[in-house]
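Inspection log for the structure reproduced underneath, given as structure tokens.
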Amino acid sequence: MAEPRVPGGDGATLDLPCGESVATGKLDMGMREYDCDCGESHAVVMDVHPPSRFVPEFLVDILRETIDTTDENVEFGTLHIMGVVMEEFPEEVASEDVAENPDLGYAMVWVTDFNSRRLHEVVVELIVELMEHAVSHAEDDEAMSQFEADMLNFDVPTFVEQYRKERDFSGPHDRPA
Ligand SMILES: [Zn+2]
């Protein structure tokens, strides 16, 4: 589909960290990875993807309770997760606000230099850090030591491996929330 590129128009193009670019029209909600012309696969995340794509629901609930979002009308979600990823890896994440193009079915899209497996690990690592931060501010020594004890046995790559195996990523449970 070679649609004419209109700068600033609906046919938005995402400049990827690798130097290639992709038209937002080529990315759809079911996509988890984009096979790029550079030869790599880049993780694709959209605002409509639920945070449970990365971590279990119960953890998402804890995050929502413990983490303050700048806009209290917006609950902690994928938007915040990807915001944190972008803060940590500003050079490796491309994003585009496509809210003006309702046909796409999503309002925000992020494409990372790393693949979806690596992104998953990055996200889980950052979430653990966020929770550690939240717990340490709770001034509850018991909660902190419990958390640290829990985390001693927590191995991010193992968790990601299992979580990805348990969840059928194209299955009915991975629909937008
Ligand atoms: Zn690429």
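The values are calculated or read from the model by the stated rules, or taken from the named source; none is laboratory data. For clarity, every value in this text was computed on a predicted model and none was experimentally measured. A quick note on method: Cβ atoms are made from the backbone with ideal geometry, for glycine too, and the neighbour counts reach across all protein chains shown. We work out accessible area using only protein heavy atoms, side chains counted, and drop any ligands, DNA or RNA first. Shrake-Rupley method; radii C 1.70, N 1.55, O 1.52, S 1.80 Å.
Test Asn101 against the stated conditions and say whether it is within 22 Å of His49 (Cα to Cα), in contact (Cβ under 8 Å) with a residue 40 or more places away in the chain, over 16 Å from the mean Cα position of the chain (by Cα) and surrounded by fewer than 19 Cβ atoms within 10 Å (Cβ to Cβ). Give the steps one after another, and end with the answer.
On the way: within 22 Å of His49 (Cα to Cα): yes; in contact (Cβ under 8 Å) with a residue 40 or more places away in the chain: yes; over 16 Å from the mean Cα position of the chain (by Cα): yes; surrounded by fewer than 19 Cβ atoms within 10 Å (Cβ to Cβ): yes.
In short, yes.
Could you list, in sequence order, all residues of the stretch 84-119 that are under 16 Å from Cys18 (Cα atoms) and hydrophobic (A, V, I, L, M, F, W, C)?
Across the stretch 84-119, the qualifying residues are Met86, Phe89, Val93, Ala94, Trp110, Val111, Phe114, Leu119.
Got a number for residues in the stretch 6-16 being modelled with pLDDT under 95 and near the ligand (Cβ under 8 Å from one of its atoms)?
Counting residues in the stretch 6-16 that are modelled with pLDDT under 95 and near the ligand (Cβ under 8 Å from one of its atoms) gives 0.
Report the residue count in the stretch 37-51 for those that are assigned to a loop (DSSP other than H, G, I, E, B) and more than 11 Å from the ligand (Cβ to nearest atom). Explain how you work it out, then say what you get.
First, pick out the residues of the stretch 37-51 that are assigned to a loop (DSSP other than H, G, I, E, B): 37-40, 47-50.
Then keep just the ones that are more than 11 Å from the ligand (Cβ to nearest atom); that gives 47-50.
Counting residues in the stretch 37-51 that are assigned to a loop (DSSP other than H, G, I, E, B) and more than 11 Å from the ligand (Cβ to nearest atom) gives 4.
Kindly provide the set of residues from the stretch 52-76 that are open to solvent by less than 60 Å² (accessible area, probe 1.4 Å), touching a residue at least 60 places away in the same chain (Cβ under 8 Å) and either of a type outside the set (Gly, Ala, Ser) or assigned to a loop (DSSP other than H, G, I, E, B) (or both), ordered by number.
First pass over the stretch 52-76, keeping only residues open to solvent by less than 60 Å² (accessible area, probe 1.4 Å): 52-56, 59-60, 63, 67, 69, 74, 76.
Going one step further and asking which of them are touching a residue at least 60 places away in the same chain (Cβ under 8 Å), we end up with 52-56, 59, 63, 67.
Within the stretch 52-76, Arg53, Phe54, Val55, Pro56, Leu59, Leu63, Ile67 qualify.
What number of residues within the stretch 84-123 are in a helix (DSSP H, G or I) and at pLDDT below 95? If you could, list the steps in order and put the result at the bottom.
Keep residues of the stretch 84-123 that are in a helix (DSSP H, G or I), which gives 84-88, 102-104, 116-123.
Within this subset, residues satisfying the condition of being at pLDDT below 95 are 84, 102-104.
Total meeting the criteria: 4.
Do you know which residues across the stretch 17-36 are farther than 19 Å from Phe114 by Cβ, among the hydrophobic types (A, V, I, L, M, F, W, C) and within 15 Å of the ligand (Cβ to nearest atom)? Before the answer, list the steps.
Of all residues in the stretch 17-36, those farther than 19 Å from Phe114 by Cβ come to 23-26, 28-30.
Those left that are additionally among the hydrophobic types (A, V, I, L, M, F, W, C): 23, 29.
Result: Ala23, single match.
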